[in-house]
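Remarks on the structure that follows.
The values are calculated or read from the model by the stated rules, or taken from the named source; none is laboratory data. Being a predicted model, the structure only gives us computed values, none of them experimental. Glycine gets a Cβ as well: all are built from the backbone with ideal geometry, and neighbour counts include every protein chain shown.
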Amino acid sequence: MHINLKAEPVSNEVYARVSRAAESIRAKTGHAPTLATVLVGVDPASQVYVKRKGEMAAKLGMGHRDYKFEANISQDLLMDTVRKLNADPEVDGILVQRPLPKHLDESKVFDLIDPTKDVDCFSPHNVGLLVQGRCKLLPCTPAGIMEIIRHYKIEITGKNALVVGRSDIVGKPMAMLLLHSHATVTTAHSKTRDLAACVAEADIIVAAIGRVKFMTGNLPWKKSAVVIDVGINRNEASKLCGDVDFDAVAPKVAAITPVPGGVGPMTIAMLMVNTVRAALMRKNIMDEV
Ligand code: NDP
């Protein structure tokens, strides 16, 4: 019988922490931790994500500034907006929703975000600190996965962890966080020769590939394996599904996250954590969140 690693109890716990910390900051400084979101264009998924982020901030007693621009915004105007948000003392966290339209140079925009307000952990400064294990604003999806692992008391030290995918947003930082938690980490990607051999050795598997049910029941899963499915994909019937074939894999492993209701909700929860943490740092308050 596998354990279904649902996000809800984990995110509830995180939101309770965030809302307490936000209240404490308001009581001490009169300032509500504030997230600024920047949305360029009309990508429907991005619109939904940004709306949810704003609603969640409001629900938790935090401030939210919403900046929306036409898809044809110039690089200069977007950079100026980031500069203004960097300089604005009322703004604690800046989130520029990805993806940006092709004519914009994403790296230039993310490189410009003040690292102390970089709640997505995209700036080279924060990525450097992340590698050194010193970053206070952790990348939201991998940090959310670590919360799931902690909540369900999954041992990491000395375990073999396999991260499938090496994107800057999920795979690489995930591997780094697992390494800092003393796992022996393997990262697989599209050029990996024998994924099955990696799976056969893995105690913890994080799938971040972006392909519907790519990891099938036919792989040689350990019975004791813990599987974390980051994938958010739509199948032919437009149904949300992960990178792991849940129905086929769940009976073969010890624990697995569902899609939806697994990693997904944790990403927004950790964005709220980062916004409050950024506010605590900026106000020099020693509280934890
Ligand atoms: P990317 O497309 O940036 O990266 C996908 C990775 O998968 C690449 O490193 C690629 O390897 C690897 N890959 C592709 N094919 C194979 C293969 N055959 N075998 C092994 N590895 C392979 O995706 P993201 O990391 O941004 O996202 C991954 C998934 O997670 C998506 O479904 C996305 O929607 C979801 N996601 C969910 C989030 C959440 O909040 N739950 C947040 C972010 C993403 P290579 O580098 O060699 O090309």
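Quick check on segment 11-25: of everything there that is surrounded by 15 or more Cβ atoms within 10 Å (Cβ to Cβ) and of a type in the set (S, T, N, Q), which residue is farthest from the chain's Cα centre (by Cα)?
Ser24
Which one of these is part of a helix (DSSP H, G or I) and more than 18 Å from Ile268 (Cβ to Cβ): Ala27, Ala45?
On the way: Ala45 fails: more than 18 Å from Ile268 (Cβ to Cβ).
After ruling out the rest, the residue left standing is Ala27.
Of everything in segment 134-161 that's among the hydrophobic types (A, V, I, L, M, F, W, C) and without any contact (Cβ under 8 Å) to a residue 60 or more places away in the chain, which residue is farthest from Pro9 (Cα to Cα)?
First, the residues of segment 134-161 that are among the hydrophobic types (A, V, I, L, M, F, W, C): 135, 137-138, 140, 143, 145-146, 148-149, 154, 156, 161.
Right, trim to without any contact (Cβ under 8 Å) to a residue 60 or more places away in the chain and you get 135, 146, 156, 161.
On the way: Cys135: 26, Met146: 14, Ile156: 20, Ala161: 24 Å.
Ranking the qualifying residues of segment 134-161, first place goes to Cys135.
Give the number of residues within segment 117-130 that are buried (at least 17 other Cβ atoms within 10 Å of the Cβ) and assigned to a helix (DSSP H, G or I). I'd like the intermediate steps shown before the answer.
First, pick out the residues of segment 117-130 that are buried (at least 17 other Cβ atoms within 10 Å of the Cβ): 117-123, 126-127, 129-130.
Now narrow it down to the ones that are assigned to a helix (DSSP H, G or I): 117, 126-127, 129-130.
Number of matching residues: 5.
Hey, can you tell me all the residues within segment 200-241 that are in a loop (DSSP other than H, G, I, E, B), among the charged types (D, E, K, R) and near the ligand (Cβ under 9 Å from one of its atoms)? Before the answer, list the steps.
If we filter segment 200-241 for residues that are in a loop (DSSP other than H, G, I, E, B), which is where we start, we get 202-203, 208-214, 216-225, 230-232, 235-239.
Filter once more, keeping what is among the charged types (D, E, K, R): 203, 211, 213, 222-223, 236, 239.
Across segment 200-241, the qualifying residue is only Arg211.
Could you check how many residues of segment 242-261 are within 14 Å of the ligand (Cβ to nearest atom), touching a helix residue (DSSP H, G or I) at 6+ places or on another chain (Cβ under 8 Å) and closer than 16 Å to Phe214 by Cβ?
Residues flagged as within 14 Å of the ligand (Cβ to nearest atom), touching a helix residue (DSSP H, G or I) at 6+ places or on another chain (Cβ under 8 Å) and closer than 16 Å to Phe214 by Cβ within segment 242-261 amount to 2.
Please go through segment 262-287 and pick out each residue that is touching a residue at least 24 places away in the same chain (Cβ under 8 Å), more than 16 Å from the ligand (Cβ to nearest atom) and outside any helix (DSSP H, G or I). Give the derivation first.
Quick first cut of segment 262-287, residues touching a residue at least 24 places away in the same chain (Cβ under 8 Å) only: 262-283, 285, 287.
Imposing the further condition that a residue be more than 16 Å from the ligand (Cβ to nearest atom) reduces the set to 275-283, 285, 287.
If the condition is that a residue be touching a residue at least 24 places away in the same chain (Cβ under 8 Å), more than 16 Å from the ligand (Cβ to nearest atom) and outside any helix (DSSP H, G or I), then Lys283, Ile285, Asp287 are the ones that fit.
Being without any contact (Cβ under 8 Å) to a residue 12 or more places away in the chain and either aliphatic (A, V, I, L, M) or part of a loop (DSSP other than H, G, I, E, B) (or both) is the filter here, so list the residues in segment 1-24 that pass it.
Across segment 1-24, the qualifying residues are Met1, Ala16.
For segment 178-199: of the residues being away from the ligand (no atom under 14 Å from the Cβ) and without any contact (Cβ under 8 Å) to a residue 40 or more places away in the chain, which is surrounded by the fewest Cβ atoms within 10 Å (Cβ to Cβ)?
My answer is His182.
Quick test for you: out of Glu8, Glu90, pick the one residue that is in the same structural domain as Asp111 (by TED's automatic domain parsing), at pLDDT 95 or above, surrounded by fewer than 15 Cβ atoms within 10 Å (Cβ to Cβ) and charged (D, E, K, R). Step through it out loud before you land on a result.
Working: Glu8 fails: in the same structural domain as Asp111 (by TED's automatic domain parsing).
So the residue among Glu8, Glu90 that is in the same structural domain as Asp111 (by TED's automatic domain parsing), at pLDDT 95 or above, surrounded by fewer than 15 Cβ atoms within 10 Å (Cβ to Cβ) and charged (D, E, K, R) is Glu90.
Restricted to segment 150-167, and to residues that are β-branched (Val, Ile, Thr) and surrounded by 24 or more Cβ atoms within 10 Å (Cβ to Cβ), which residue is farthest from the ligand (Cβ to nearest atom)?
First, the residues of segment 150-167 that are β-branched (Val, Ile, Thr): 154, 156-157, 163-164.
Narrowing the set further to residues that are surrounded by 24 or more Cβ atoms within 10 Å (Cβ to Cβ) leaves 163-164.
Values: Val163: 9, Val164: 5 Å.
Top of the filtered list is Val163.
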